Amino acid sequence: MRFFTPGPTHLSPEIKPLIEQALKEDIGSISHRSKDFERIFARMTEGLRALLKIPSAHQIFVLGSATECWERIIENCSQEHSFHLVNGAFSERFYTIALELKRKALKHEVAPGQGADLSTLAIPAEAEVICLTHNETSTGVSLPENAVSALKRRYPEKLLAIDIVSSAPIVDLNWSDIDCGFFSVQKCFGLPAGLGILIASPAALAKAEALQRAGVSIGSYHSFPSLISFVKKNQTPETPNVLGIFLLGGVVDNFNREGIEKVRSDIRSRSEQIYSTFTDREGFKIFVQDPRYRSATVLTIEVIGGSSGLVARLAKQGLEVGSGYGKFKDSQIRIANFPMHSRDDLEELLKAITG
Ligand SMILES: *Cc1c(COP(=O)(O)O)cnc(C)c1O
């Protein structure tokens, strides 16, 4: 089976040899307080820093999932008010997590499939952290990177947190404008699930420390100050997913060898090919109408007359695409366009869909 699902998805081709190497080198048995582990941790974080051009003052934390990152950001970056741009199911979940943590979460909601013009977005004065979702995996809507930077520059005193789960490492952020960026590994990185990466700025860390000094609960072992004290030693507070950290380090090294510009331009050109296949094609409609907001990594297509028959027919041919998300389950398909998907695979998929 070949998976074009938006995550979990097809594993990156280097995962199998990396797992074999991990077994040979007893990665699953070594202590997380050993020098061997510290080397694995440092290789991953240094590789990621080079790949995404993360400034040296930003910290790279290892968490359990992107879902955990949502909770940690709310706890460490807000005392009372968070602000959320909600344009689909994942950004909505970020918002409801803030409510569950008893924050007075504020939101600006955009209809599914619509882009959001960040240049006119007014952030309430009381908001401590602005929460965005760069790539709404539920609908295939994406935010332009330069608009994200411009928003932060309009509100420099507020923290800016951005979910890049289904767009990292394709998204090209200017990290000096980002206070928290986070992703999990079962999307574009093509790893088995079970790891979240959170990148945090000095301002985010200062906010967590200020909340802690004020007696606010910012969580326990995965509070930002606790994470930092271990990151300094290339360690984690708990016994982490060592295999996942090892695999991520290997996949990141491969991206660095290939060159991220090449990886990104391949994704862009394949996404153009997919969108042009469905432009004005009878029986299909691209869900995101405004091309400026179309995702390059998760492409959502309406199937006139319903998508479930198509999804089932493709599965019989060994091609697994995502169905629509939530209420769009039976009317749309979602095609993941990630670095492990080759052009040949993609052409076969497009032929099978339109043929
Ligand atoms: C998949 C996804 C998540 C959740 O990731 P987990 O690894 O399940 O926690 C969050 N945000 C977006 C945009 C996603 O696509």
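Suppose each label sits 7 Å from its Cα in the direction of the beta carbon; what would the Lys327-Arg39 distance come out to in nanometres?
That separation, rounded to one decimal, is 5.5 nm.
So what's Rg/Rh here for segment 111-240, counting alpha carbon atoms and using the Kirkwood radius for Rh?
Reported Rg/Rh, Kirkwood definition of Rh: 0.98.
With Rg and the Kirkwood Rh both taken from Cα atoms, where does Rg over Rh land for segment 140-189?
So for segment 140-189, dividing Rg by the Kirkwood Rh gives 0.97.
Could you tell me which of rounded, prolate or oblate describes segment 86-153, using a ≥ b ≥ c as the square roots of the eigenvalues of the alpha-carbon gyration tensor, with rounded for a/c under 1.5 and, failing that, prolate when a/b is larger than b/c and oblate otherwise?
Cα axes put segment 86-153 in the oblate bin.
Could you estimate the translational diffusion coefficient of segment 1-113 from the Stokes-Einstein equation, with Rh from the Kirkwood formula over C-alpha pairs, at 4 °C and 1.567 mPa s, in whole µm²/s?
73 µm²/s
Once you order the gyration tensor axes a ≥ b ≥ c over the Cα atoms, which shape class does segment 245-331 get: rounded for a/c under 1.5, otherwise prolate or oblate by comparing a/b with b/c?
Taking the square roots of the gyration eigenvalues as a ≥ b ≥ c, segment 245-331 is prolate.
Per-residue counts of other Cβ atoms within 10 Å, averaged by peptide: what ranking do you get for 134-145, 111-122, highest first?
The densest-packed peptide leads the list: 134-145, 111-122.
Using the Cα centre of segment 12-58 as origin and beta-carbon charges of +1 (Lys, Arg) and -1 (Asp, Glu), tell me which of Ile30, Leu52, Ile19 is placed farthest towards the positive end of the dipole.
Ranked along the dipole, the leading option is Leu52.
Under the definition of Cα pairs under 8 Å and six or more residues apart, what whole-number percent is the relative contact order of segment 213-329?
Averaging sequence separation for qualifying contacts and normalising by length gives 13 percent for segment 213-329.
Would you mind telling me the antiparallel percentage of the DSSP bridges in the chain, rounded to 5?
Expressed as a percentage, antiparallel bridges in the chain total about 55.
Could you tell me which residue out of Ser271, Val303, Thr239 lies farthest along the dipole of segment 220-344 toward its positive end? Charges go on the beta carbon: Lys and Arg +1, Asp and Glu -1, centred on the Cα centre.
Positive-most Cα among the choices belongs to Thr239.
Label-point separation (nm) for Glu258 and Glu347, each offset 7 Å from Cα along Cα-to-Cβ?
1.8 nm
Gaussian network model of the chain, Cα springs within a sub-10 Å range: biggest mean-square fluctuation belongs to which of Gly322, Gly88, Gly215?
Looking only at Gly322, Gly88, Gly215, the biggest GNM fluctuation is shown by Gly215.
Which three numbers, in whole Å and largest first, are the semi-axes of the equivalent ellipsoid of the chain derived from its Cα gyration tensor as √(5λ)?
32, 27, 17
When the chain is modelled as a GNM with alpha-carbon springs shorter than 10 Å, which of Val110, Val288, Val242 fluctuates the most?
Top of the fluctuation ranking is Val110.
Evaluate the relative contact order of the chain (contact order divided by residue number), counting alpha-carbon pairs under 8 angstrom at least 6 apart; express in whole percent.
Once normalised by length, the contact order is 24 percent.
Please sort by residue number the chymotrypsin sites (Phe, Trp or Tyr not before Pro) in segment 212-284 whose DSSP state is loop and whose Cβ has at most 10 other Cβ atoms within 10 Å.
Filter output for segment 212-284: Tyr221.
Given +1 on the Cβ of Lys and Arg, -1 on the Cβ of Asp and Glu, and no further charges, what dipole in debye does segment 239-355 carry about its Cα centre, rounded to the nearest 20?
Dipole about the Cα centre, nearest 20: 240 debye.
Packing-wise, with mean Cβ within 10 Å as the measure, how do 28-37, 44-53 rank, highest first?
Ranked from most to least packed, the peptides come out as 44-53, 28-37.
Given 4 °C and 1.567 mPa s, how large is the Stokes-Einstein diffusion coefficient of segment 57-184 in µm²/s, with Rh as the Kirkwood radius over Cα pairs?
90 µm²/s
Please sort 67-74, 267-274 by packing, taking for each peptide the average over its residues of neighbouring beta carbons within 10 angstrom, highest first.
67-74, 267-274
Are there any GluC sites (Glu not before Pro) in segment 152-247 that are in a DSSP loop and have at most 11 other Cβ atoms within 10 Å? List them by number.
Glu157
Along the Cα→Cβ direction, 7 angstrom out, place labels at Ala57 and Ala150. What is the inter-label distance in nm?
Label-label distance for Ala57 and Ala150, simple model: 2.5 nm.
About the Cα centre of the chain, what is the dipole size in debye to 20, counting +1 per Lys and Arg Cβ and -1 per Asp and Glu Cβ, all else neutral?
Result for the chain is approximately 140 debye, rounded to the nearest 20.
Between Leu349, Ala168, Ile286, whose Cα lies farthest towards the positive end of the dipole of the chain when Lys and Arg beta carbons carry +1 and Asp and Glu beta carbons carry -1, centred on the Cα centre?
Ala168
State which entries of Lys35/Lys187; Lys102/Lys187; Lys53/Lys207 exceed 26 angstrom in Cα-Cα distance in the structure shown.
Table pairs above 26 Å Cα-Cα are Lys35/Lys187; Lys102/Lys187.
Across bins of 5 angstrom width beginning at 0, how are the C-alpha pair distances of segment 188-278 distributed, in whole percent?
Pairs per bin, as whole percents: 2, 10, 15, 15, 14, 13, 11, 8, 6, 4, 1, 0.
Taking the Cα centre of segment 31-112 as the origin, how large is its charge dipole in debye, to the nearest 20, when only Lys and Arg (+1) and Asp and Glu (-1) carry charge on their Cβ atoms?
260 debye
How much space per residue, in cubic angstrom, does the convex hull of the C-alpha atoms of segment 280-337 take up?
Given the Cα convex hull of segment 280-337, per-residue volume reads 87 Å³.
Rule-based calculations on the coordinates, nothing more; no lab input. Predicted model only: the values in this text are computed from it and were never measured. For neighbour counting, all protein chains shown are included, and Cβ atoms are generated from backbone atoms with ideal geometry for every residue, glycine included.
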